[in-house]
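One structure is given here, and the rest of the page talks about it.
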Amino acid sequence: MVPLIYHPRFNITAFGLERLHPFDSQKYRHIHDALVARGLRRPSDFTRPSPVTQADLLKVHTPEYLRSLRRSEVLARILEVPVVRRIPTWLLDRRVLRPMRYAVGGTLLACRLALEHGVAINLGGGYHHAGSDRGGGFSAYADVPLGALILHEEGRIGRVLVVDLDVHQGDGTASVFRNWSWASILDLYEDDLFPFPKEPVDVPLPVPAGLSGIEYLDIVRDHLPGSFDAHRPDLIIYNAGSDPFEGDPLARLRLSGNDLAERDLLVVTMARERGIPVAMVLSGGYSPQSWRIHTDAIEGILTRFDPA
Ligand SMILES: [Zn+2]
C-alpha cells in the first residue's frame, strides 16, 4: 500500500487562530477521517512520524533564525495573524510550532518511504516559503529542503527535483536550493501573487490569473516529462498545493477539484513511469473545501498505485 504519513498532532488548535487566517488548520484531520470513512485506509494504516529534532533543523536553518521563532512578533508575521503578537511564546511553540515540527518529521518520513515504496504521501508539510534564515506565508520550517538534504547526506540520493505546483512560488525552498548543485525546482505559479520578488528557479512556469484547468493541465503535460528526463532525479518531492482551485480565496486560477485530482495523478504517474520515487506533501490550500480536494486526489493515487 502507498504509505500515508499522518499524526493527530499535525492539527493546529490555537485560540481561534483558525478563524483569523483562511488556512483550515484541521485540514489534516479532515483528510485522514475522510480516507477512513471512504474505506481506503484504517486508522492503524497511517504511519506516524516523530517531530523533527533541533539538530536536524540546524542542518538547514541558522541558529539565529531558530532563536527568532521564540519571539511572538516574528511568529505573528510568519503566520500572518497580527494578534499572535499578544500570545506567550511558550504557548505558541506548543500549539503552532510543535504541530509544524511533526509535519516536518512527516516530510522526512515521506522522502524515506518514497525510496522504499515508490510513492509516499505526507498529509501535511510543504512549507515552501521558509528559507534558511527566514519564514513567511505560514511557513516556519523548510521541510522539503531538509528532507532532500538528509537523504543526500546519507548517500541515498544524488539529485533531487522539487515539483512545486502550489499556486504561490516556493521562494523559500528555491533560496535554500540556490547553493546546492544537486537540487533543482520546477515551479508553476500564478505570477501576480505573493511572494514578491520571485526567487530564481531552474524551471519557472509563471502563469496569469484566470488560467483554466484545461490550459493548466496542458502546461503540466508539456513541461514535466521533459524536466524529469533532463534532471534525472533520484527523488521527486511534489508540493501538491490545492490553492490553484477556482474557489481558493488567495488565488485566481480556475481549476476544479477534478482538475486538481487529475494533476496529482499525472505528476505521480509520470514520475513512476520513469521509475523515479515521489514523495508528495500537501502545502497550501485555503478554501474550506481544500480537505475534500486533497482527499479526492489521494483517492485517485491510491486507486492507481495500491496493489490490487
Ligand atoms: Zn500557496
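Any read-out appearing in this document is the output of simple, stated calculations on the displayed coordinates, not a laboratory observation. Owing to the predicted nature of the structure, the values given are computational and were not obtained by experimental measurement. Here the Cβ positions follow ideal geometry from the backbone for every residue, glycine too, while neighbour counts run over all protein chains shown.
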* Provide the packing ranking of 92-103, 139-150, 277-288, i.e. peptides ordered by the mean count of other C-beta atoms within 10 Å per residue, highest first. => 139-150, 277-288, 92-103
* **Inter-probe distance in nm under a simple model that places probes 7 Å from Cα toward Cβ, at ASP229 and THR303** => 2.9 nm
* To do: Using a/c under 1.5 as the rounded threshold, could you call the chain rounded, prolate or oblate? The axes a ≥ b ≥ c are square roots of the C-alpha gyration tensor eigenvalues, and prolate needs a/b larger than b/c, oblate otherwise.
  => rounded
* Would you mind classifying segment 83-239 by shape? Square roots of the alpha carbon gyration tensor eigenvalues, ordered a ≥ b ≥ c; an a/c under 1.5 is rounded, otherwise it is prolate if a/b is larger than b/c and oblate if not. => oblate
* Structure fact -> Dipole check, segment 4-305, charges on Cβ (K,R +1; D,E -1), about Cα centroid: among GLN26, ILE87, PRO145 the Cα furthest to the positive pole belongs to ILE87
* **Over the chain: helical MRE at 222 nm, DSSP H runs n ≥ 4 each giving -39500 (n - 2.57), nearest 500** => -12500 deg cm²/dmol
* Structure fact -> For the chain, percent of DSSP beta bridges that are antiparallel (nearest 5) comes out at 5 percent
* Structure fact -> Expected unfolding gain across ALA55-VAL36 under the 0.36 nm per residue rule, minus the alpha-carbon gap, is 3.4 nm
* Mind putting a number on the dipole of the chain about its Cα centre? Charges go on the C-beta only, +1 for Lys and Arg and -1 for Asp and Glu, and I need it in Debye to the nearest 20. => 1300 debye
* Spin-label point model (7 Å from Cα, Cβ direction): what's the ARG48 to GLU64 distance in nm? -> 3.9 nm
